[in-house]
């Protein structure tokens, strides 16, 4: 029988999502990969339990996570059954819908009320939950009126199937538009989930980070390690069992000599800070005022433990930040 660490809340930092009452752990567990039927259930369960033992109470899923689609949610439901479900009130569970999910016009990539409503019902059934804490629209749909998407998310809250709503992969312009609708509906819209890392800073050039800070929207950022680039895996080449080595990442071609030099230069700064490169990359994000939580993925328990250690040093000197920017912008 699983018994969680009684000191699990001692070391974790918790941050409000926007100006809402909901606090999220500084580091959350993203379940995009390594939690489906094609992966070890025993390992997935160990990772979830380890995360909870470390104070990670936020588990982030989506309808299409896992292979086949939906299997990450189904496995998470089983993990809840095997010892975590009795701690449901200590957990923040989020899911998303927006990408292609099932056959036919209603399960394709979209933001319609039909799709979002049906998808949330399916997700709740897979995880055996009465509600999720956050329900996201996974990506902007230019073919569906934003009013319809917003009303579908608002309706999920009014039905008691979600406590808060969020959006993912929305730029500043579309975030501003949908927030105006949510304000009129008085929907508890609290968070945007974009990709963001030292090597992927589109939220800065787009102005999304500044907009969200000024308008009380939290950022839950994913891919903080840029598909594994910001780890020590690629400092001396490409391991055959890595994402790039297996061809399982679409950014593998970016790992050229110039990128390798940047990674090694960043790693030197991390070592001077007493951190691994991955820990510094997470700390760099947590140093941003706009960031409520960093979503980390994992394939083994040790990675989760290492990532949480990033919290031991999240303060950067001006000199360190200047060096990091210089390394990243140097082509």
Candidates 70, 83, filtered to the one that is at positive phi and surrounded by 23 or more Cβ atoms within 10 Å (Cβ to Cβ)
70
Out of all the residues in region 177-191, is one or more without any contact (Cβ under 8 Å) to a residue 60 or more places away in the chain and closer than 24 Å to residue 89 by Cα?
yes
Would you confirm whether or not region 138-153 contains a residue that is free of Cβ contacts under 8 Å to residues at least 24 places away in the same chain and over 23 Å from residue 91 (Cα atoms)?
yes
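Can you give me the number of residues within region 13-38 that are over 18 Å from residue 225 (Cβ atoms), touching a residue at least 60 places away in the same chain (Cβ under 8 Å) and either surrounded by fewer than 24 Cβ atoms within 10 Å (Cβ to Cβ) or over 16 Å from the mean Cα position of the chain (by Cα) (or both)?
7
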Filter region 59-109 for residues that are in contact with a helix residue (DSSP H, G or I) (Cβ under 8 Å, 6 or more places away or on another chain) and part of a strand (DSSP E or B); the one that is nearest to residue 130 (Cα to Cα) is 93
If I go through region 189-203 residue by residue, how many of them are in contact with a strand residue (DSSP E or B) (Cβ under 8 Å, 6 or more places away or on another chain) and crowded, with 20+ Cβ neighbours inside 10 Å?
9
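So which residues in region 110-123 are within 21 Å of residue 193 (Cα to Cα) and out of contact with any helix residue (DSSP H, G or I) (no Cβ under 9 Å at 6 or more places or on another chain), if there are any at all?
Of everything in region 110-123, just one residue is within 21 Å of residue 193 (Cα to Cα) and out of contact with any helix residue (DSSP H, G or I) (no Cβ under 9 Å at 6 or more places or on another chain), namely 119.
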Go through the residues of region 179-191 one by one and say whether even a single one is more than 17 Å from residue 60 (Cα to Cα), under 21 Å from the mean Cα position of the chain (by Cα) and at pLDDT 95 or above.
yes
Could you tell me whether region 116-130 includes any residue that is under 19 Å from the mean Cα position of the chain (by Cα) and outside any helix (DSSP H, G or I)?
no
Would you check which residues across region 208-221 are over 22 Å from residue 95 (Cα atoms) and either exposed (fewer than 15 other Cβ atoms within 10 Å of the Cβ) or more than 20 Å from the chain's Cα centre (by Cα) (or both) and list them?
210, 214, 215
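The values are calculated or read from the model by the stated rules, or taken from the named source; none is laboratory data. No experiment lies behind these values; they were computed from the predicted model shown. Neighbour counts run over all protein chains shown; Cβ positions are idealised from the backbone, glycine included.
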